[in-house]
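Engineer: Have a look at the structure that comes next, please.
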Amino acid sequence: MLHESRGNTEGPSGGELTVPMAWLYAEYIADELLRTGDLMPPASFEYRAGRDALALTIFLSDTRGELSGIRVVSQLETWMSLTAYDQPWQDWVGERMAHLAAYAVASGEPSPDLELADLAWRWLEETELLAPDLDAVPGGGSPLGEDDGPKVWTAAWRLGLPLGHLAIQLF
């Protein structure tokens, strides 16, 4: 990947560290968007779900390896459309991850960016968080307090994705 920092032009060898700059930058942008929106406490699992979903969206939408601080504002619309409610985000992530994995295998070079993205994706898919039931019937007799309403176990990405989308809108 173009964003990896290498000690020489031959790639990492002899125990040199390859820094996953593309993933770290995507995670930083996601963190800034969520902090600006002030939607959840940064130490919460919900915040992590939003950050990881946004970081995956940012990282995987960078098809040309050109993540740039100047282009962040111009990418907000793209990220909003990818995280919108009616989009098949989970399928899109799976396809992009498979494409990047195939590229990494074909190139024969390790991809620490992809490894971190894969860890985030597995956490988002495998972790369930107890969240308000957004599909509950309005006025179905539930108490007025949001903490008192019906709750369901929800995949972390299903909770993090709308949180990330809202953070982009509030930015």
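The values are calculated or read from the model by the stated rules, or taken from the named source; none is laboratory data. None of these values were measured; they are calculated from a predicted model. All Cβ positions, glycine included, derive from the backbone under ideal geometry; neighbour counts span all protein chains shown. Remember, those area values only see protein heavy atoms, side chains included, never the ligands or the DNA or RNA. Shrake-Rupley method; radii C 1.70, N 1.55, O 1.52, S 1.80 Å.
Engineer: Each residue of the range 107-122 in order: what ³J(HN,Hα) in whole Hz does its phi give by Karplus 6.51 cos²θ - 1.76 cosθ + 1.60, θ = phi - 60°, with x for Gly and Pro?
Structural biologist: So the Karplus estimates, Gly and Pro as x, are 7, x, 9, x, 10, x, 4, 5, 4, 5, 4, 5, 4, 5, 5, 5 Hz.
Engineer: Right, next: How much of Tyr28 can a 1.4 Å solvent probe reach, expressed as accessible area in Å² and rounded to 10?
Structural biologist: Estimated to the nearest 10 Å², Tyr28 gives 130 Å².
Engineer: Rank Leu39, Leu76, Leu54 by accessible area, highest first, at a 1.4 Å probe radius?
Structural biologist: Values: Leu39 55, Leu76 25, Leu54 0 Å².
These residues rank, largest area first, as Leu39, Leu76, Leu54.
Engineer: Length gain on complete extension for the stretch Ala101 to Leu130, per 0.36 nm per residue less the alpha carbon to alpha carbon distance?
Structural biologist: Extending this stretch completely gives an extra 7.3 nm.
Engineer: Using a Förster distance of 22 angstrom, determine the FRET efficiency expected from the C-beta separation of Val19 and Phe45, and round it to 0.05.
Structural biologist: Approximately 0.25, to the nearest 0.05.
Engineer: Enumerate the amide H contacts of Thr18 below 5 Å, restricted to partners 5 or more residues apart or on another chain; note that Pro and chain-start residues carry no placed amide H.
Structural biologist: none
Engineer: Obtain the nm distance between the two label points defined at Leu119 and Leu170 by a simple spin-label model: each point lies 7 Å from its Cα along the Cα-to-C-beta direction.
Structural biologist: Between Leu119 and Leu170, the simple spin-label model gives 2.7 nm.
Engineer: Let me ask something else about it. Through the Karplus equation 6.51 cos²θ - 1.76 cosθ + 1.60, θ set to phi - 60°, convert the phi angles of the range 156-171 into ³J(HN,Hα) values in whole Hz; use x for Gly and Pro.
Structural biologist: 4, 5, 5, 8, x, 5, x, 5, x, 4, 5, 4, 5, 4, 7, 5
Engineer: Can I ask one more? May I ask you to rank Val72, Val152, Val93 by accessible area, largest first, using a 1.4 Å probe over the protein chains only? Can you show the working numbers first?
Structural biologist: Numbers: Val72 25, Val152 55, Val93 0 Å².
Solvent-accessible surface, decreasing: Val152, Val72, Val93.
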